[in-house]
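S.K.: The structure's right below; bear with me while I get my questions together.
The values are calculated or read from the model by the stated rules, or taken from the named source; none is laboratory data. Just so it is clear, the structure is predicted and the values come from calculations on it, not from any experiment. Here the Cβ is made from the backbone with ideal geometry for all residues, glycine too, and neighbour counts use every protein chain on show. These accessible areas exclude ligands, DNA and RNA; they are computed on the full protein's heavy atoms, side chains included. Shrake-Rupley method; radii C 1.70, N 1.55, O 1.52, S 1.80 Å.
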Amino acid sequence: MRSTDEVVESLREALKGVGVVLPSLCVDPVTAASDEPFALVDLGRCNVRTAEHLTDVLRSLPVGEALRARVRQVNRDVRSR
């Protein structure tokens, strides 16, 4: 399993690949320092233009029933660990 820092960097690169930069994206320091097995990812704050751009990118993605089913399955698998 990848570290939270690696996941954040992966997310940063994926967002950058579609032209979205979340300047405050980071690992939440409180949960990272706790005994919590999975630290939270703080998506941070962004300006209205970035929020609009992120919305446009997300809305442009083809989201069919197959993708929804896959996301539900991944979420069930994660919860069962």
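S.K.: Computing the accessible area with a 1.4 Å probe over protein heavy atoms, can you report the carbon and sulfur percentage for the chain?
M.R.: Result for the chain: 56 percent of the exposed heavy-atom area is carbon or sulfur.
S.K.: Counting pairs of alpha carbon atoms under 8 Å apart in space and at least six apart in sequence, what relative contact order in percent does the chain give?
M.R.: The value is 24 percent.
S.K.: If you don't mind, there's one more thing I want to ask. Cβ under 11 Å from residue 10's Cβ, residue 10 left aside: what net charge do those residues give with Lys, Arg +1 and Asp, Glu -1?
M.R.: -1
S.K.: Here's another thing I want to ask about it. Taking only protein heavy atoms into account and a 1.4 Å probe, give the accessible area per residue of the chain in Å².
M.R.: Counting only protein heavy atoms, the per-residue value for the chain is 82 Å².
S.K.: So, one more: Taking 7 Å along the Cα-to-C-beta vector as the label spot, tell me the residue 21-residue 59 distance in nanometres, rounded to one decimal.
M.R.: 2.4 nm
S.K.: Given only helices, namely DSSP H runs of n ≥ 4 each adding -39500 (n - 2.57), what is the per-residue ellipticity at 222 nm of the chain, to the nearest 500 deg cm²/dmol?
M.R.: -17500 deg cm²/dmol
S.K.: Could I ask something else about it? Counting C-alpha atoms alone, how compact is the chain: give Rg to one decimal and Dmax as a whole number, in angstrom.
M.R.: Every Cα atom of the chain included, Rg and Dmax give 14.7, 38 Å.
S.K.: Distance between the C-alpha centers of segment 29-54 and segment 2-22? Whole Å please.
M.R.: 11 Å
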